[in-house]
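Before any comments, here is the structure.
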Amino acid sequence: MAMIDDLQALTNCDNTQVLNLLINQCKLIATDYCNLDEYSEKLDEVVKVMVCERFNKLSADGISSQSYSGISESYTDDFSPMIYKSLRKHRKLRTV
């Protein structure tokens, strides 16, 4: 099953244009974070989770917590620690 098919099932989204945009963004972020010259298919599973997180934040506008009594909201545009932990397994060290 292709990544786009998996993500359509996970997100219940039929808009392939949005999903493809998120896939490309997350692939670039993962490749850059791991210090790779080009994308590796070994990152596919992590990228799927990254896309799901980004997709969910689209509808919630990045809100990580809300408090109605004190009217407090917290926003995040970062990925969860679980994703960074998974990406670190594929990370290459840079040498100067």
Q | Tail weight of P(r) past 16 Å, computed on alpha-carbon pairs of region 1-56, percent | A | 34 percent
Q: Report the FRET efficiency, 1/(1 + (r/R0)^6), for residue 5 and residue 92, where r is their Cβ-Cβ distance and R0 is 25 Å, rounded to 0.05.
A: 0.25
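No lab work stands behind these numbers, since they all come straight from the coordinates. None of these values were measured; they are calculated from a predicted model. Positions of Cβ are generated from backbone atoms using ideal geometry, with glycine treated the same way; all protein chains shown enter the neighbour counts.
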